[in-house]
1. Express the relative contact order of region 1-146 as a whole percentage, based on alpha carbon pairs under 8 Å and six or more residues apart in sequence.
2. When the chain is fully extended, how far beyond the present Cα-Cα distance does Glu149 get from Lys78, taking 0.36 nm per residue of separation?
3. Tell me what the chain gives for mean residue ellipticity at 222 nm when only DSSP H runs of n ≥ 4 count, each as -39,500 (n - 2.57), the sum divided by the residue total, rounded to 500 deg cm²/dmol.
4. Pairs Lys8/Lys30; Lys56/Lys88; Lys6/Lys29: which are spaced more than 30 Å apart, C-alpha to C-alpha?
5. If you fit an axis through the alpha-carbon atoms of helix 96-105 and take the longest principal axis of the Cα set of the chain, what angle between them do you get, 0 to 90°, nearest 10?
6. Provide Rg over Rh for region 7-60; use the alpha carbon set for both Rg and the Kirkwood Rh (inverse mean inverse pair distance).
7. Give me the distance between the Cα centres of region 5-30 and region 100-157, rounded to whole Å.
8. Can you put Arg31, Arg21 in order of Cβ neighbours within 10 angstrom, beginning with the fewest?
Amino acid sequence: MEFMSKEKFEEAERIEKLRNRILKYILYKKRSEEEVRQKFADEDENEVEDAIEYFKEQNYINDNDYIERAVKEFIALKNLSIKEIVYKICQKGIKKSMIDEYVCKNKETMLEYEISSAKNIILKKQMDNEENEIKNYLYKKGYMSDSIEIAFDDINN
């Protein structure tokens, strides 16, 4: 029977500890691949990449699922434009092309959400602001002009 050298054992132990730390990090809250890389930037890059690949195979890390979960969370909790959602998810290190693909596949839902979100903001700001001020605010926040017009039309009719 062959025994593992002390060095090999210590290396395996260190890798296992790193994997456990990464697992705790991604189980606490869903994370993107890039978030894991940033969090463990001080560790051996190859070991972190190996762990990321392992957890991707186990479906603990999945950027497509991350996008979907993040969008659902934003829709449930916030009034944001599609542009703001894309920006916030991009900040998590996810490729813009993946996010754009998600938005295209869910275009109808995303547009309905943006119009609804614009309506919520209009209703909140209507008492204290002129229509043009509200429109300018929404434009600055990245709302599409069509969404803004539809939201105002729905409220005024």
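1. Computed value for region 1-146: 22 percent relative contact order.
2. Taking 0.36 nm per residue and subtracting the Cα distance, the gain is 23.5 nm.
3. Calculated mean residue ellipticity at 222 nm is -24000 deg cm²/dmol.
4. Cα-Cα > 30 Å for Lys8/Lys30; Lys6/Lys29; rest within.
5. Tilt relative to the chain: about 50 degrees.
6. My calculation puts Rg/Rh at 0.96.
7. Each part's Cα centre sits 46 Å from the other's.
8. Ascending number of Cβ neighbours within 10 Å: Arg21, Arg31.
Computed from the coordinates by the stated procedures, all read-outs in this text should not be read as laboratory data. Not measured: the values here are computed from a predicted model. We place every Cβ from the backbone using ideal geometry, glycine too, and count neighbours over all the protein chains shown.
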